[in-house]
Amino acid sequence: AKHNGRKQLNFFQSGMDGYASQRIEMENLLRNAVENGEFELHYQPQFDLHSGQLIGSEALLRWRRPGIGLVSPLQFIPLAEETGMIMPIGEWVLNEICTQSRAWLKKGLKPLRIAANLSARQFSCTNLNHNISTVLNEFNLEPEHLELELTESAAMQHVETSLKTMHALKQTGVNMSIDDFGTGYSSLNYLKQFPIDRLKIDQSFIADIDRTPNDAALVAAIISMARCMDLKVIAEGVETDEQLSFLRMHGCNEVQGYLMGRPLPAEQFGEYLAQV
Ligand code: C2E
Ligand code: CA
Ligand code: CA
Ligand code: CA
């Protein structure tokens, strides 16, 4: 029995080793990716639904892996978050947004609000506020041209701490939005205390607006609730005219999605900006 027990233990441990070494390998790959400049940001436009005006953009991370091609953030953000590699990556993202923003201003383009996705770990880092002020200062950018997107689940994780962090961030003048709204569990009581500018309705609800009455009802309810709370509401993942007219009919303020524009590499997005 003893022998068997050990055997099993060994088997279990070697499984763990495999997993652990895979993680370490991936962590190293990500670390090198930052150092070798293998990351890039793609920018997706956001529009006011009524005027049709471009009002901002979201920066979306891509990993251009040598020999492999573009890797979606869905494939490496979770591990980056677990291993802590999200910290240098997130810092790179903020720095890159500011670098790009400054470059576009220098070209004479109108200032545009750019939204960065914040991971839960970044959000709970005590240096966040300081890092953001520092990078804005360094590139001489107005805080209102930066927006931080925090997922609903990250915001609701440690809600009292979130409140403090958000209020501190708000002091710096940056915009804040709650991302993937509707997928987590929000306490309305807290939601109304968050000093946020907008709610982003998760794209999964938008996708099924036409087919699923429940989703349509939910989207309509989120929009009217947001209006009552004096929050802007943006719908993401808008792909069809039907979705767009539903959103317009229900008073949604802003939209983002393939129907209006796909995420573009910085250079192409800059050319696009020069035309609008
Ligand atoms: P998200 O923040 O919810 O971003 C929206 C995702 O929907 C993006 O996927 C975007 O490319 C995609 N999308 C935009 N319009 C449409 C549409 O009309 N239809 C459909 N089907 N999809 C649309 P992406 O770029 O693959 O990013 C996936 C997720 O990775 C993001 O979801 C976000 O959670 C995370 N992410 C992206 N960039 C960063 C980053 O810099 N930092 C962190 N921490 N997370 C990031
Ligand atoms: Ca987002
Ligand atoms: Ca989202
Ligand atoms: Ca999402």
Exercise for review: First obtain the Kirkwood hydrodynamic radius of the chain from its Cα pairs, then insert it into the Stokes-Einstein equation at 4 °C and 1.567 mPa s, and state the resulting D in µm² per second as a whole number.
Suggested key: 64 µm²/s
Revision key, fill the gap. If each part is reduced to its alpha-carbon centroid, segment 75-137 and segment 217-265 end up apart, in Å, by 25 Å
**Study point:** GNM top mover of TYR19, TYR185, TYR258 - the chain, alpha-carbon springs below 10 Å
**Key:** TYR19
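Once you charge only the Cβ atoms, +1 for Lys and Arg and -1 for Asp and Glu, what is the size of the charge dipole of segment 98-190 about its Cα centre, to the nearest 20 debye? Walk me through the intermediate numbers first.
Numbers: 8 positive and 9 negative charges, 81 e Å.
That gives segment 98-190 a dipole magnitude of about 380 debye.
Per residue, how much accessible area does the chain show when a 1.4 Å probe rolls over the protein heavy atoms, in square angstrom?
On the way: 14640 Å² over 276 residues.
Roughly 53 Å² per residue, with all protein chains present.
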Exercise for review: With everything on Cα atoms, drop me the angle between helix 266-275 and the longest principal axis of the chain, reported from 0 to 90° to the nearest 10.
Suggested key: 0 degrees
Check your understanding: What is the helix-to-structure angle for 2-35, meaning the angle in degrees between its Cα long axis and the longest Cα principal axis of the chain, kept from 0 to 90 and rounded to the nearest 10?
Key -> 40 degrees
Revision key, fill the gap. Once the dipole of segment 189-276 is set up from charges on Cβ (+1 Lys and Arg, -1 Asp and Glu), the residue from the list TYR272, VAL255, MET225 lying farthest towards its positive end is MET225
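Looking at the square roots a ≥ b ≥ c of the eigenvalues of the Cα gyration tensor of segment 59-104, which shape do they give, rounded for a/c under 1.5, prolate if a/b is larger than b/c, or oblate?
Working: a/c = 2.58, a/b = 1.35, b/c = 1.91.
Oblate shape, in that a/c is at least 1.5 and b/c is the bigger or equal ratio.
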Exercise for review: Assuming a ≥ b ≥ c are the square roots of the Cα gyration tensor eigenvalues, decide whether segment 127-276 counts as rounded (a/c under 1.5), prolate (otherwise, with a/b larger than b/c) or oblate.
Suggested key: oblate
**Study point:** FRET efficiency, 1/(1 + (r/R0)^6) with R0 22 Å, evaluated for ASP48 and GLU142 via beta carbons
**Key:** 0.70
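The values are calculated or read from the model by the stated rules, or taken from the named source; none is laboratory data. This is a predicted model, so every value here is computed, not measured. Every residue, glycine among them, receives a Cβ derived from its backbone with ideal geometry; neighbour counts consider all protein chains shown. In case anyone asks, the SASA skips ligands and DNA or RNA and just uses the protein heavy atoms, side chains included. Shrake-Rupley method; radii C 1.70, N 1.55, O 1.52, S 1.80 Å.
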